[in-house]
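Structure first, commentary second.
Bear in mind that the values in this text are calculations on the coordinates, not laboratory data. Note that this is a predicted model, so its numbers are computed, not measured. So basically every Cβ, Gly included, is an ideal-geometry build from the backbone, and we count neighbours across all protein chains shown.
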Amino acid sequence: MKKWILFFLVAALFIMTGLRFVQNSSMWAGGELVNKESQEINLNQFLSGYNNGIYEKVELRDGIKLQWYQLLTGDAQPNILGIVPDKNYKVRETNKPIDTALEDLGFNLTGTAIPIDIKYEETSFAAKFFLEQLLPLLLFLWLLLLLFRFMGRWGWGGMPFGTKTGVLRTQTDVSTKFADVAGMDEVKDELIEIVDFLKDSKKYQKLGAKIPKGVLLYWPPGSGKTLLARAVAGEAGVPFFSASGSEFMEMLVGMGAAKVRDLFKKAKAAGPAIIFIDEIDSIGKKRWGGMTGGHQEQEQTLNQILTEMDGFDKETNVIVIAATNRPDTLDSALMRSGRFDRKVMVGRPTLEERKLILDYHAQGKKFVKDIDMEALSRRTSGMVGADLANIINEAALKTAKDNRKKIQESDLEYALEKIVMWPEKRIKTLKEKERNIVTYHELWHAVTAYYLEHADPVEKISIVSRGRALGVTWMMPEEDSYLSSKAKFLDEMVTLLWGRAAEEIFFGKDHITTGASNEFERVTKIARGMVTRYGMDDDLGQLVYVDDDQYSAYKPFSEKTAELIDTKVKLLVSQAYARAIKLIKSNKKLMESMGELLLEREYISRDEFELMMKDPKKIKAKVKEIRKG
């Protein structure tokens, strides 16, 4: 901030000084006051010359009846020519122009001779051009150049001419090791070879082996790609250059390529070293013909990266590690062998790995006895390392907020629900009728999941608002699953459509609401995927595949096939809805009893739900207990 203030103070001082010089040009532009001989001119000539700025200074001589105009008009403005009549006239105030005032006083404008001495400034044309046109332009260009120079020197962002990128970290800075990366043993095995090469490259070079020039780490956000790259540098003990792909993109074409050259130049000088480019898809996306404008900058930056990687020779001990969440969008030239030779999938952690990650982040935190991290890891299927770390942190934050010294099981439960289902909103804004609709809507999801063989078990039912949802039915798989069957898809569709079916049965077709909009979107996506991506339709089979890009104008099938696809999708949704209606009608009384409990309690846990589904008589007993209590 002090640098900004100093810069603008200097600039303002320079501008003010320049303007002052322009105003007082006679002091330094070569002009001087020139005295002309006395002459006689008539009043018209004098007035015309004075109004056109010809006379710089006028000195009146003997007997002249001209003085300052303010004495005649009462105008206090200086430097305005005026008239004072002789002693035979009286001073009069008027707003008339000077020529009219002179005629009123009896002067003959064309005949009255005025003997005067004239003094005026005579300035050359070159000096006038320099002062009025060239000097302001030079001042502007100087300030612009000075601003860019200061920006580059001080490393300020936001300017399109900076070349600062890549942060060199010494071995002491990169303290991350593989031991700090919980789980992911298979990924570490693929990267340990890179570490070994950086430590002893001659061992590979003697055998003529070429270490991969580039390693691409890909898959979901938060899975630990950046942490792994730092761990490689920490294990090898080499400098670590890091940059985000977006840092290379500039307003002017060619500036991103200059940054790439600068980064690789520094890394080669410091080698052996690691260059880490995060979110490389921002500059490495697939190139299409005919792109202009901003795409030219992206293409030139990508070409420079390819050129630099091709320039690696056997003696170059620099390895490029890149990370992306979308490997499918990367350009084929970037993905080919000889550039990013090794592609490492950093997937979602398994059950055992989630347990290790939770234990790692629990280190240094105080817990009550008998905390079951394994049970928590089973309930976090599909979560990545960043999510698991956030669970432990949120639990610690809640413990500190409640002024307790140790983290309890309930704190972990609170943190898990907050991350999965968003925080609760306890403000009661729903009307009684709307609250009833939300209750049955969420309850029907749970009951359907209980009766369907391939549906995920219910973890919790809540009618407390969370985020944009008025209620939540939380279903979690009991074990990790990497494949989905047709039967599972069909049961999941029934589970999603149960809420709308329940509204129709319990409240009538005229009282269905917008609460099922998200379920309709998900059901349609599942049905269309079964037909167009997974070959699960008997008529279409494996003949149709449609990319996820819904905005693409190209369709690899005819209009007749497109019509058949729509028919099949509608049929799958209709069949699932019919199954939901049938299940509700056969369990209507049970639903009414459990709905009464959910309205009183606002939530039902998994253990309570499964116990009551096995023995419905306990539902009424639980309602009575709550009302008494």
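Here the Karplus curve 6.51 cos²θ - 1.76 cosθ + 1.60, taken at θ = phi - 60°, turns the phi angles of the stretch 349-360 into couplings of x, 6, 4, 5, 5, 4, 5, 5, 5, 4, 5, 5 Hz, with x standing for Gly and Pro. For the pair the stretch 400-446 / the stretch 477-530, the C-alpha centres are spaced 22 Å from each other. Going from the fewest other Cβ atoms within 10 Å to the most, the residues Lys225, Lys418, Lys560 appear in the order Lys560, Lys418, Lys225. As a rough footprinting exposure proxy, the listed residues Tyr440, Tyr450 were ranked by other beta carbons within 10 Å of their own, and the order from fewest upward is Tyr450, Tyr440.
Derived scalar couplings between HN and Hα for the stretch 333-338 equal 5, 6, 8, 5, 5, x Hz in order, rounded to whole Hz, by the Karplus curve 6.51 cos²θ - 1.76 cosθ + 1.60 (θ = phi - 60°), x for Gly and Pro. If you take the Cα centroid of the stretch 557-603 and the Cα centroid of the stretch 186-223, the two points sit 51 Å apart. With 10 Å bins from zero, work out the P(r) of the stretch 354-483 over every alpha carbon pair and list the percent per bin. Per 10 Å bin, starting at 0, the Cα pair percentages come out as 11, 36, 33, 18, 3.
Around the amide H of Ile321, modelled in the peptide plane, lie the amide H atoms of Val215, Ile275, Phe276, Ile277, all under 5 Å away and 5 or more residues distant in sequence or on another chain. What the Kirkwood sum gives for the stretch 167-345 is a hydrodynamic radius of 16.5 Å, with every pair of different alpha carbons counted. The 3J(HN,Hα) values that the Karplus relation (6.51, -1.76, 1.60; θ = phi - 60°) gives for the stretch 222-227 are, in residue order, x, 7, x, 5, 5, 4 Hz. Gly and Pro appear as x.
The alpha carbon convex hull volume per residue for the stretch 563-629 rounds to 108 Å³. The value of relative contact order for the stretch 351-421, using C-alpha pairs under 8 Å at least six residues apart, is 36 percent.
Taking amide H positions as modeled 1.01 Å from N, with prolines and chain starts lacking one, the residues under 5 Å from Met475 and 5 or more places away or on another chain are Glu459. Bridge orientation summary for the stretch 167-345: considering DSSP beta bridges with both residues in this region, about 15 percent are antiparallel. Taking the fewest neighbouring Cβ atoms within 10 Å as the starting point, the ordered list for Trp474, Trp142, Trp444 is Trp142, Trp474, Trp444. Evaluating kT/(6 pi eta Rh) at 37 °C and 0.692 mPa s, with the Kirkwood radius of the stretch 324-428 over Cα pairs in the Stokes-Einstein relation, gives 205 µm² s⁻¹.
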